[in-house]
Structure formats: structure tokens, C-alpha cells
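The values are calculated or read from the model by the stated rules, or taken from the named source; none is laboratory data. These figures come from a predicted structure and were not determined experimentally. Cβ coordinates were reconstructed from backbone atoms using ideal geometry, including for glycine residues, and neighbour counts include every protein chain displayed. Ligands, DNA and RNA are excluded from the accessible area calculation, which covers all protein heavy atoms including side chains. Shrake-Rupley method; radii C 1.70, N 1.55, O 1.52, S 1.80 Å.
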Amino acid sequence: TTEISLNRGDFLIRQGQIERHTYFILSGTVAVKLHKESESHTIRFGYQGSFLNSIPSFFDDSPSYFDIVALRKTKVKAFAKKALFELIENSEPYKEAYISVLENLATQFVEREIDLLASSPAERYERVLERSPQLFNEVPLKHIADYLRMSPETLSRLRKS
């Protein structure tokens, strides 16, 4: 494992690179961003205690669809893919922990899909607030608004009501 320190705006990975690590966030906050044409969309956050990477790239060695960028000063532990899989294969407790992380991730993806299908900004806001209240302490509101597919003004109005 390697410890990496990032300043705000530094990248863990850029779109087009091949993901070779899984990251554990020790402190700080990162955003996973998808760029399409002239737009950028925040699709996921990582903050203290969470694991993340550019998932498709990590598993199939394809170019990353995403940037992972620090939103504030951040420290991560980077686990190289090969070393991580060797550890999982040789240790039942690590294998169980890895399966638990994957199960949690699958659940998060389903929750995110439901969020995106929610018909109103208020419903999206309420779902995320209920599921991840710490998000609002860790992530600047303009990034949360992007994640929720609404303007910062709409998010501000919802938070006040």
C-alpha cells in the first residue's frame, strides 16, 4: 500500500487512464466525475472511511470513464490491484471484508439509480439526506447539487424548507 496526499483539485485518476488501485479515504473528500461533451457530472463521492476507484477500469483494464478529484485536502491509502487480489485470495477475513465492500457498493449503486429516477428535486434531496446525512458536512453544496442534478439555488431552497 501507498499513502497519497492530495490538495484540492489534485487527481487520483484522470479520464482515459487505466485504474490500477483501490483507494481508502483516510481524510478529506473526493468526487468521481464523468465528463461528456462540455458538461461534467458528479456521480459519486468518497470521504473518510470509504473505498472507491474507477470501477470498470479497475476490473477490465479499460480506460477510465471518470476523473477522481480531491475536493479538499485529502489523504488516501492506495492498494495496488495485484497485491489486493493476492491478499484477498490468501486470507479468509480479507476475502469476507472484500465481499462485504462489494455488497455495500452494489446496494449504493441501486440506491443511486432510484435517486436518479426520483421525479422531483425535493425527493432526490430527501433520499440522499436520509441515506447520507454526513455528505452535507463533508462536501461543498455546489458538488452535492450537481450530484442531485439540480442547481445550487434549488438545493439551497430545499435545505431552508
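A few points about this structure:
- Once both labels are positioned 7 Å from their Cα atoms along Cα-to-Cβ, the gap between residue 48 and residue 119 label points is 4.0 nm.
- Pairwise label distance in nanometres, residue 131 with residue 60, each label 7 Å out on the Cα-Cβ vector: 2.4
- When nucleic acids and ligands are ignored and a 1.4 Å probe is applied, residue 143 ends up with an accessible area of around 30 Å².
- For the stretch 82-161, the list of trypsin sites (Lys or Arg not before Pro) that fall in a loop by DSSP and count at most 14 other C-beta atoms within 10 angstrom reads 149.
- In this structure, the amide hydrogen of residue 18, modeled 1.01 Å from its nitrogen in the peptide plane, lies closer than 5 angstrom to those of 64, counting only residues at least 5 positions away or on a different chain.
- A 1.4 Å probe run over the protein chains yields, for the stretch 46-138, 59 Å² of accessible area per residue, whole-number rounding.
- Counting protein heavy atoms only, the stretch 8-57 has 47 percent of its accessible area on carbon and sulfur, 1.4 angstrom probe.
- Qualifying GluC sites (Glu not before Pro) in the stretch 1-39, where qualification requires a DSSP coil assignment and no more than 13 other C-beta atoms within 10 Å, comprise 37.
- Helical mean residue ellipticity (222 nm; -39500 (n - 2.57) per DSSP H run of 4+; nearest 500) of the chain: -13500 deg cm²/dmol
- For the stretch 70-134, the fraction of 1.4 Å probe accessible surface lying on carbon and sulfur atoms is 58 percent.
- Set of lysines near residue 73 by C-alpha distance (under 28 Å), chain-local residues within fewer than 8 positions excluded: 33, 36, 81, 82, 142
- Neighbourhood charge, 15 Å Cβ-Cβ cut-off, centred on residue 97 and excluding it, Lys, Arg +1 and Asp, Glu -1: -3
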